[in-house]
Amino acid sequence: MKIDLIGPSYPFRGGLSHYTTLLFKNLKKKHKTNFYSFKRQYPKFLFPGKTDKDYSNFTLKDDDAKPILDSLNPLTWIRVAIKIIVDKPDLTIIPWWVIFWTSQFLTIILFLKIFSKTKILFICHNVAEHEANFIKVFLSKIVLSKGDYFIVHSAEEKQNLINLIGERPIAETFHPSYDVFNTKEIPKYIAKEKIGISDEKIILFFGFVREYKGLKYLLEAMPAILKAVKVKLLIAGEFWDDKQDYIDLIDNLNINDNVKIKDEYIPNEEIPSYFYASDIVVLPYTSVTGSGLVQLAYGFNKPVVVSNIGALSQIVIDKKTGFLVQPEDPQGIADSIIDYYQNYDEDEIAENIKKENYRFSWDLLVNKIESFAQ
């Protein structure tokens, strides 16, 4: 099968860039695949972080990617469309996550619908954005209605997509694992030295800090946790919300000595130190579609505490590979973390995660993509 893929890749950072690059690497093992990546992703004023570029020493860069698409230059949108028309692929794969890409993807799809016989497959990371409103939902509907096939990463998102555009050929599969970052096992004491933490037990909150990630509920759980277990909460990721709100909450809860903040994007080569130093990863989301961070934690065989919503309730097996709690429930978070430290063996849970990781292979995603051509 001939496949063309559009999406971000190196030098852009973040989970979506990792996802599309790893998808490309796995697709081209079996199929003739072209990857049209971005040379500019967002205008600076629209990006909430310090930069969208990845300055890691270890990258997932693939030299076969073609960095052509400039989000602000319509000529590059047309250029990508023409290249796909000339390629004559059986399938063109486009990720969907934010409405910023409405005009770019619609332009490309319009050309393909007129001048090509390729089928359009959308991989829906978000059917609608986390902070969706009427306009965002409306624009998502306009774009996604042009697709022929769809892949989603949870039953909830499948239903959201059906509600938005009606019954279509939709395949549901789990978000694949990010075990690619687990390049070398690091003893826990060495990992702790690398990130500047002593012998305390460590709870990890990893990734961009945004309101829907639910960090405030984890902070509110800390006083109850500390009554039972001496732990350090490690917050590792760039703040996209007002950091002072969280600092004030930490002060009010009087947990300053038990919280360490690393307010920056963690380079890829440093990721293993954070996960190997930690005992458990907490993702107290208030809304979610899928989560690459759970798959990142599983890639290091680390248990997770997650909200019982969206794909998380399907990915995490309660009290076996992690713990499910109700969203916005600090006491539930505290109870699960205390339960883990007092009643569970770290190695046993790690073995449970290893046994379940077959469900999150990239081969399964490729198989789902291939199923649309049968």
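Highest first, please rank the peptides 91-99, 166-174 by the mean number of other Cβ atoms sitting within 10 Å of their residues.
Highest-to-lowest ranking by the protection proxy: 91-99, 166-174.
Which trypsin sites (Lys or Arg not before Pro) does segment 39-114 hold that lie in a coil by DSSP with at most 15 other beta carbons within 10 Å?
Passing both the DSSP loop test and the Cβ count: 50, 61.
With everything on Cα atoms, drop me the angle between helix 134-144 and the longest principal axis of the chain, reported from 0 to 90° to the nearest 10.
Roughly 50 degrees between the two axes.
In Å, what Kirkwood hydrodynamic radius results for segment 199-239 from the alpha-carbon pair distances?
In segment 199-239 this quantity evaluates to 10.9 Å.
Along the Cα-to-Cβ line of residue 184, 7 Å from the Cα, sits a label point; which residues in segment 271-301 have backbone N less than 20 Å from it?
Within reach of a label on residue 184: 271-278, 299-301.
Can you bin segment 317-373 into rounded, prolate or oblate? Criterion: square roots of the alpha carbon gyration tensor eigenvalues sorted a ≥ b ≥ c, rounded for a/c under 1.5, prolate for a/b above b/c, oblate for the rest.
Oblate.
Write down, largest first, the equivalent ellipsoid semi-axes of segment 1-103 in whole Å, where each equals the square root of 5 times an eigenvalue of the alpha-carbon gyration tensor.
22, 17, 11
For the chain, take the longest principal axis of its alpha carbons; what is the angle in degrees between that and the long axis of helix 215-228, to the nearest 10 within 0 to 90?
Between the helix axis and the principal axis of the chain, the angle is about 30 degrees.
So what's the chain giving for Cα Rg divided by 2.2 N^0.38 Å, two decimals?
So the Cα radius of gyration is 1.00 times the expected 2.2 N^0.38 Å.
For the chain, what does the relative contact order come out to in percent, with C-alpha contacts under 8 Å and a separation of six or more?
In percent, rounded to a whole number, it is 15.
So who's got an amide H within less than 5 Å of the one on residue 317, skipping anything under 5 residues away but keeping other chains? H placed 1.01 Å off N, in plane.
Distant-sequence amide H within range of residue 317: 322.
Can you tell me the FRET efficiency between residue 137 and residue 110 if r is taken as the Cβ-Cβ distance and R0 is 22 Å, rounded to the nearest 0.05?
Taking R0 as 22 Å, the efficiency between residue 137 and residue 110 is 0.55.
Would you mind classifying segment 2-172 by shape? Square roots of the alpha carbon gyration tensor eigenvalues, ordered a ≥ b ≥ c; an a/c under 1.5 is rounded, otherwise it is prolate if a/b is larger than b/c and oblate if not.
Taking the square roots of the gyration eigenvalues as a ≥ b ≥ c, segment 2-172 is rounded.
So which residue, out of 36, 358, 276, gets the largest mean-square fluctuation from a GNM of the chain using Cα contacts under 10 Å as springs?
Among 36, 358, 276, the largest GNM mean-square fluctuation belongs to 358.
Readers should treat all values here as calculations from the given coordinates under stated rules, not as data from a laboratory. Since the structure is predicted, the reported quantities are computational estimates derived from the model, not experimental observations. Cβ sites come from the backbone with ideal geometry, for glycine too, and all protein chains shown count toward neighbours.
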